[in-house]
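Inspection log for the structure reproduced underneath, given as structure tokens.
The values are calculated or read from the model by the stated rules, or taken from the named source; none is laboratory data. Since the model is a prediction, treat every value here as computed from it, not as a measurement. Don't worry about glycine lacking a Cβ; one is built from the backbone with ideal geometry, like all the others, and counts go over all protein chains shown.
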Amino acid sequence: MQTDKLLQPYFERQLVEDRRLDGYWIEAFDINNDSKPDIVGYGLNLGEVTWYQNPDWKKTNIAKFFGPVGMHYADINGDGWTDIVICYQYGQTMINCDPTGGKIVWLENPGSSQRDWVARYIGRATAMHRLKVGYFTQDKKLQVLALPIVGAPNSVHSITPILLFTQPDDVYGASEWEREEIENIDNVVYHVIHGVSIKKYRSKLGSNLDSALIASEEGITWLYFAPEDGKWHSKQLGTGEMCQVSKTGFKGSGDVDAGKVGADSLAYIAAVEPFHGNTVAVYCKDSISSEDSDCSLTGCGWQRVVLDVYGDPNPIGEGTGHFVVCADFDNDGDDEFLVALRGPEPWQGVFYYKAIDIQKGAFVKWRVSSDSAARIAVGDFDGDGRLDFATIGYSVQGYYCAENPSIVVFYNKFAPI
């Protein structure tokens with residue numbers, strides 16, 4: 001690929017909400033079944049979970065929790081409306097997390113009625129931080145993969161459990177969902193889990209189950225269930241950032257996603273490293289990879305290439321990077337990836353990375369936003385056939401508070417339609 005033939009990304013900025021009193025999570029999905037992706041955004045301080053309705057971004061508060069952190073979405077009750085799964089009562093920080101908190105609930109979408117969203121209990125785990133809804137061990141009942149960030153209060157580097165909650169037959173009558181603890185799989189244990197990406201990573205082998213790339217102190221690890229032997233498996237793909245631990249207290253990886261190039265749907269892994277780190281790295285398949293490694297995480301080694309280091313860690317050992325997501329923004333069939341930087345300037349906003357030689361781990365980049373970004377939500381917000389993105393500014397007491405945390409939508413104006 002010639003760099004002079006690359007499309008320079010350009011996104012048109014639209015402010016949805018500024019001067020927020022908190023900011024942490026943003027997600028994009030269709031809430032009201034009008035075929036337009038809406039936005040859900042919230043922070044830990046106020047804890048107001050808010051729906052911003054596309055296209056005018058009208059605000060509707062749908063729930064309020066004490067310290068909500070991670071969320072995902074799915075149609076839990078099978079009524080055709082997308083519900084929310086969310087965890088809350090985190091505590092102040094991962095150091096002094098609430099030992100009785102980490103509660104997980106699903107919020108029932110009221111659909112076309114005027115009823116309120118109703119929260120129903122799923123389960124809990126101390127320091128609940130990330131969760132994903134999918135089919136991980138079977139394909140009949142929805143499951144919630146629950147990933148706390150640490151294992152216990154005042155023990156940042158304690159072993160962190162991973163849990164699986166399986167949907168009951170009666171989602172209204174059940175007091176909680178069936179719980180399984182996934183621990184010591186293939187002699188792998190986890191510490192400081194901060195990121196997870198789920199896809200059908202074993203589809204080439206005929207499995208339609210979801211599995212997870214996990215970013216933790218162990219680096220990048222693939223966690224999956226194999227129906228052929230009825231067991232969970234963990235495979236470490238990369239060790240992450242190992243050189244800053246004396247300055248930051250952290251090693252490994254902080255967030256992760258996998259991208260497609262050409263015919264290989266799993267051509268590279270993009271990561272922000274380590275926890276709340278300053279380093280952007282990609283993992284590319286090594287030169288001894290076989291053809292069998294196409295569209296697979298196995299059959300190859302993974303070579304780590306550092307693309308950027310955004311400033312030095314701050315006095316408490318944290319950097320500016322917080323989130324990464326892969327998607328095809330220029331409509332050429334290959335995935336680019338976006339990195340969210342929380343700030344402060346000059347390491348703030350969103351950077352766009354495009355592969356130009358995946359075998360060598362060579363990428364070009366552009367800065368496409370200067371707004372503080374805790375996370376990024378991707379969707380075609382204006383329905384023109386091009387992927388757009390939205391961000392929420394990072395404002396979490398005890399970590400970092402951006403000067404003007406805002407929700408902003410960026411409309412894709414460069415990709416061919």
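Of the residues making up the stretch 348-364, those that are farther than 13 Å from V282 by Cα and aromatic (F, W, Y) are F351, Y352. Could you run through the stretch 237-281 and say how many residues are of a type in the set (A, V, I, L, M, F, W, C) and outside any strand (DSSP E or B)? Qualifying residue count for the region: 6. If the condition is being acidic (D, E) and more than 22 Å from A402 (Cα to Cα), then the stretch 30-63 contributes D30, D34, D38, D56.
Highlighted here are the strands (runs of 3 or more DSSP E) found entirely within the stretch 324-377 that include at least 1 residues which are assigned by TED's automatic domain parsing to the domain that holds K199 and crowded, with 23+ Cβ neighbours inside 10 Å: 336-342, 348-357.
Just one of the numbered conditions (1) in contact with a strand residue (DSSP E or B) (Cβ under 9 Å, 6 or more places away or on another chain); (2) touching a residue at least 12 places away in the same chain (Cβ under 8 Å); (3) of a type outside the set (S, T, N, Q); (4) farther than 25 Å from P99 by Cβ is not true of V49: (4).
Among the residues of the stretch 304-323, the one identified as at pLDDT 95 or above, assigned to a loop (DSSP other than H, G, I, E, B) and either of a type in the set (V, I, T) or not assigned by TED's automatic domain parsing to the domain that holds S287 (or both) is T320.
Yes or no: Y121 surrounded by fewer than 14 Cβ atoms within 10 Å (Cβ to Cβ), in the same structural domain as I159 (by TED's automatic domain parsing) and of a type in the set (F, W, Y)?
Values: surrounded by fewer than 14 Cβ atoms within 10 Å (Cβ to Cβ): yes; in the same structural domain as I159 (by TED's automatic domain parsing): yes; of a type in the set (F, W, Y): yes.
Against the criterion (surrounded by fewer than 14 Cβ atoms within 10 Å (Cβ to Cβ), in the same structural domain as I159 (by TED's automatic domain parsing) and of a type in the set (F, W, Y)), Y121 qualifies.
K132: without any contact (Cβ under 8 Å) to a residue 12 or more places away in the chain and either over 20 Å from E27 (Cα atoms) or under 21 Å from the mean Cα position of the chain (by Cα) (or both), yes or no? Against the criterion (without any contact (Cβ under 8 Å) to a residue 12 or more places away in the chain and either over 20 Å from E27 (Cα atoms) or under 21 Å from the mean Cα position of the chain (by Cα) (or both)), K132 does not qualify.
Mind listing just one residue for me: the one in the stretch 75-118 that is on the phi > 0 side of the Ramachandran plot and touching a Phe, Trp or Tyr at 6+ places or on another chain (Cβ under 9 Å) and, of those, surrounded by the most Cβ atoms within 10 Å (Cβ to Cβ)?
Restricting attention to the stretch 75-118, the residues satisfying the condition of being on the phi > 0 side of the Ramachandran plot are 78, 80, 89, 91, 102, 111.
Filter once more, keeping what is touching a Phe, Trp or Tyr at 6+ places or on another chain (Cβ under 9 Å): 89, 102, 111.
Numbers: Q89: 20, G102: 25, G111: 14.
By that ranking, first place goes to G102.
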